[in-house]
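**Q** Okay, handing you the structure first.
Rule-based calculations on the coordinates, nothing more; no lab input. Quick caveat, the model's predicted, so the values are computed rather than measured. Note: ideal-geometry Cβ built from the backbone for every residue, glycine included; neighbour counts use all protein chains shown.
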Amino acid sequence: MIARLRVLVALSIGAVTLCLGAAFISTSWYTSLVMLGIGLLWLSVLRHGNGRVADWGLFFFVMAAVWGGLQGVGWGWLLTGVTAGLVGWDLTHYLAHLQAAAERQGEGELVHRHLLRVAGVAGGGWLLAVLTLAASIRINYIWAIVLAGLAVILLTRAVRALRSRSAE
């Protein structure tokens with residue numbers, strides 16, 4: 001099962017590298033080569049098991065996507081790349097966790113459930129982000145103030161609820 005998980009990690013890292021490389025190739029070959037270098041460095045995690053490389057790889061890919069968004073690069077490539085990067089980051093750490101475990105009873109079922117959760121979160125997050133980027137809503141100043149006030153009230157209630165649960 002770990003071998004299959006390694007393949008999925010490699011595919012995720014390859015997808016983020018190719019998506020961001022394709023996004024930047026029209027504006028700068030150098031940036032595309034940097035994306036390739038980051039992806040190859042991240043793939044080295046699979047051989048050496050250093051999880052910090054995965055953290056830094058995700059960080060640089062997300063920063064590159066933000067920079068690309070500010071430069072007007074196609075958001076479809078950027079969004080798909082970041083989503084694949086998040087999946088690769090999660091699976092990299094999950095793989096390291098599995099390898100560090102002394103006992104692996106029911107490993108297949110655990111991996112299967114984790115992959116289903118990751119797929120649901122990644123797919124749902126990608127879809128919500130696409131809908132958000134594609135939508136165009138116009139509101140006036142009064143409605144903006146009302147929505148901001150509502151957000152502050154709901155956030156305050158959520159924090160209070162979390163504090164009361166942690167105090168119990």
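**Q** For Thr31, Thr17, Thr132, what's the fewest-to-most ordering of other Cβ within 10 Å of each Cβ?
**A** Listed from fewest to most nearby Cβ atoms, that is Thr132, Thr31, Thr17.
**Q** For region 36-105, what does the convex hull of the Cα positions come to per residue, in cubic angstrom?
**A** Dividing the Cα hull volume of region 36-105 by its residues yields 74 Å³.
**Q** Can I ask one more? For a quick check, take a GNM of the chain with Cα springs below 10 Å and name the residue from Ser26, Ser44, Ser136 with the largest mean-square fluctuation.
**A** Ser136
**Q** Could you run the Karplus curve 6.51 cos²θ - 1.76 cosθ + 1.60 with θ = phi - 60° over region 59-66 and give me ³J(HN,Hα) per residue in whole Hz, x for Gly and Pro?
**A** Going residue by residue, I get 4, 5, 5, 5, 5, 5, 5, 5 Hz, with x marking Gly and Pro.
**Q** Something else about it: Return the single residue from Val146, Val121, Val45 with maximal mean-square fluctuation; model: Gaussian network over the chain, springs between Cα atoms under 10 Å.
**A** Val146
**Q** Let me ask something else. How high is the FRET efficiency between Ala135 and Leu11 when r is their beta carbon distance and R₀ equals 30 Å, given to the nearest 0.05?
**A** 0.50
**Q** If I model a spin label at Leu115 and Leu155 as a point 7 Å from the Cα along the Cα→Cβ vector, what separation in nanometres do I get?
**A** Going from the Leu115 label point to the Leu155 one covers 3.8 nm.
**Q** Next question, about the same structure. Got a sec to turn the phi values of region 76-83 into Karplus ³J(HN,Hα) couplings, 6.51 cos²θ - 1.76 cosθ + 1.60 with θ = phi - 60°, whole Hz, x for Gly and Pro?
**A** Karplus-based 3J(HN,Hα) across region 76-83 equals x, 5, 5, 5, 5, x, 5, 4 Hz.
**Q** In sequence order, what are the phi-derived ³J(HN,Hα) couplings for region 88-102 according to the Karplus relation 6.51 cos²θ - 1.76 cosθ + 1.60 with θ = phi - 60°, rounded to whole Hz, with x for glycine and proline?
**A** Karplus values, whole Hz, x for Gly and Pro: x, 5, 4, 5, 4, 5, 5, 4, 5, 5, 5, 5, 7, 5, 6.
**Q** How far is it, in nm, from the label point at Leu33 to the one at His93 when both lie 7 Å from their Cα along the line to the Cβ?
**A** Result: 3.3 nm between the two label points.
**Q** For the chain, how big is the tail of P(r) above 28 Å, as a whole percent of Cα pairs?
**A** The calculated P(r) of the chain puts 41 percent of pairs beyond 28 Å.
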